[in-house]
Amino acid sequence: MAADNFVRLIAACTVLIVGAAQVVSADTRPPNVVFILADDLGWGDLSCQGNQFLKTPNIDRLAVEGRQFTNFYVNGSVCSPSRCAFFTGQYPARHRIHGHYAARELNESRGMSNWLEPSVPNVARLLKSAGYATAHVGKWHLGNDANGPATKEYGFDFVGTGERGGAGVARNDPYFRANSSKLFVDESLEFIRSHKDQPFYLQLWTLVPHATLNPTDEQMEPFENLNSQGADHKSARTIFYASVTDLDRQIGRLLNGLEEMGLAENTLVVFSSDNGPEEIFIRNAGHSGVGSPGPFRGRKRSLYEGGVRVPFLVRYPAKISAGIVDDASIVAGVDFLPTICKLAGVSVPANHVLDGEDVSDLFSGQSRARTKPLFWNWRFRIAGHPSSISPQLAIRDGQWKLLANPNQSRVELYDLTVDPMQVDNVAAQHPAVVQRLMEQVLAWSATLPAGPHDPGAGDNQYPWPKSLPGKK
């Protein structure tokens with residue numbers, strides 16, 4: 001009898017010890033990370049960001065169940081630069097990524113590298129070194145147009161279908177882009193299922209709503225009322241809304257999958273976009289030109305708010321309170337790597353100079369001023385409406401945003417706390433602020449790799465009508 005009691009006691013202690021170990025393991029396991037990056041989605045393209053026409057209930061869930069940052073900036077006004085900043089925690093110009101990566105000839109004519117070097121520390125490789133399973137699914141655009149290194153060389157265990165399709169996916173399929181969001185989510189869910197017993201990092205970078213969009217008839221059917229009666233073509237809004245609605249639907253499938261696998265609580269889901277919406281006044285805008293920058297001036301390529309200020313939603317039920325809108329904190333793409341590494345307990349190499357900062361405290365609800373200003377440069381012409389054509393340099397520091405050309409022409413200063421639309425240039429009223437910010441942005445610009453600037457870059461002069469010689 002005594003022996004039986006001893007055995008029972010040992011068994012009970014074993015259960016307690018094992019249970020305690022399980023609790024410790026659950027509490028100390030670093031978060032899974034899912035990073036969803038839309039392509040050319042504007043600040044105002046989500047219903048949770050004020051869009052009255054386009055409904056995005058699944059993406060809105062991330063805001064309702066997490067935290068919504070309204071002062072979030074990407075560090076490039078087009079795709080490749082902003083992706084580099086997220087991925088490395090550094091300004092893209094450090095790597096001679098000034099515009100979108102293209103064929104070698106165009107890259108080299110613009111003074112650009114042909115791809116991001118795989119040796120540069122990045123978030124995927126750093127997390128992989130700490131035991132994370134890593135995956136990239138969807139658009140890459142950090143060098144594949146110039147036949148750069150395979151995406152897997154950047155630290156990924158799994159690479160899914162990209163912007164050119166993949167095994168069994170024809171690049172010339174007219175509905176590839178229309179069905180790409182579903183395909184990418186299918187691949188993402190399969191990766192998560194295969195690695196749910198270890199921490200994982202997943203980049204899901206979508207193709208939508210970048211032009212050219214070609215949604216299916218089924219996707220467009222709910223928006224037929226937006227077409228002009230009697231017209232034999234679909235309206236741009238029908239095409240754009242159908243595409244974004246399908247993207248939202250597929251993200252809902254991904255969120256449901258995390259719930260069904262019991263992973264939602266300890267998974268940080270981040271949603272953002274690579275830049276503002278496409279410019280409606282240019283030829284290749286396609287149907288993406290009806291995307292919304294919200295209340296802001298500027299669109300894709302512009303350094304005004306509408307070109308670089310985009311949605312940023314984070315959900316992490318284990319750590320982040322639900323339903324919070326943060327209108328005060330200034331957060332940026334370069335903050336992504338240091339923040340994710342902090343949450344994962346991963347050290348960033350000492351020789352990897354970070355341009356961003358760890359903002360994990362802001363994720364958890366603390367409030368503080370940003371410790372570093374944000375800088376941008378754009379060396380090329382900006383096609384479109386003159387009101388979107390910004391100077392070549394910009395800096396945001398606290399409430400102030402200064403824009404200027406390197407020769408200090410077109411000096412513009414805006415107090416974004418009272419003038420987020422950037423319509424009231426107050427440079428003349430605040431010369432001391434202008435001088436301080438000008439010195440900072442010019443000093444930063446001087447550290448960047450030299451390279452050509454388009455003739456007319458930073459010039460928004462309109463070809464105003466003039467009298468012809470000899471005419472009265």
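Table for the structure above
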| read-out | value |
| --- | --- |
| Conditions (1) surrounded by fewer than 14 Cβ atoms within 10 Å (Cβ to Cβ); (2) assigned to a loop (DSSP other than H, G, I, E, B); (3) under 30 Å from the mean Cα position of the chain (by Cα); (4) not acidic (Asp, Glu): number failed by Ala443 | (2) |
| Residue satisfying condition, being surrounded by 14 or more Cβ atoms within 10 Å (Cβ to Cβ) and within 30 Å of His352 (Cβ to Cβ), within set Val159, Val208, Val185 | Val159 |
| Every residue from region 287-313 that is touching a helix residue (DSSP H, G or I) at 6+ places or on another chain (Cβ under 6 Å) and among the hydrophobic types (A, V, I, L, M, F, W, C) | Val290, Phe296, Leu313 |
| Total residues in region 320-344, condition out of contact with any helix residue (DSSP H, G or I) (no Cβ under 8 Å at 6 or more places or on another chain), surrounded by 11 or more Cβ atoms within 10 Å (Cβ to Cβ) and assigned to a loop (DSSP other than H, G, I, E, B) | 3 |
| Selection count, region 403-432, where residues are modelled with pLDDT of 95 or more and either small (Gly, Ala, Ser) or touching an Asp or Glu at 6+ places or on another chain (Cβ under 9 Å) (or both) | 18 |
| Ser272 being in contact (Cβ under 8 Å) with a residue 60 or more places away in the chain, of a type in the set (Ser, Thr, Tyr), assigned by TED's automatic domain parsing to the domain that holds Ser129 and under 25 Å from Gly44 (Cα atoms) | yes |
| Selection within region 243-286 - of a type outside the set (A, V, I, L, M), out of contact with any helix residue (DSSP H, G or I) (no Cβ under 6 Å at 6 or more places or on another chain), closer than 21 Å to Arg315 by Cβ and in a helix (DSSP H, G or I) | Thr245, Arg249, Asn256, Glu259, Glu260 |
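Rundown of residues vs (1) outside any loop (DSSP other than H, G, I, E, B); (2) among the charged types (D, E, K, R); (3) more than 23 Å from Ile97 (Cβ to Cβ), yes/no style:
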{"site": "Val348", "(1), (2), (3)": "no, no, no"}
{"site": "Asp355", "(1), (2), (3)": "no, yes, no"}
{"site": "Leu362", "(1), (2), (3)": "yes, no, yes"}
{"site": "Ala369", "(1), (2), (3)": "no, no, yes"}
{"site": "Lys372", "(1), (2), (3)": "no, yes, no"}
{"site": "Arg379", "(1), (2), (3)": "no, yes, no"}
{"site": "Asn407", "(1), (2), (3)": "no, no, yes"}
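The values are calculated or read from the model by the stated rules, or taken from the named source; none is laboratory data. These numbers were taken from a predicted model, which means no experiment stands behind them. So basically every Cβ, Gly included, is an ideal-geometry build from the backbone, and we count neighbours across all protein chains shown.
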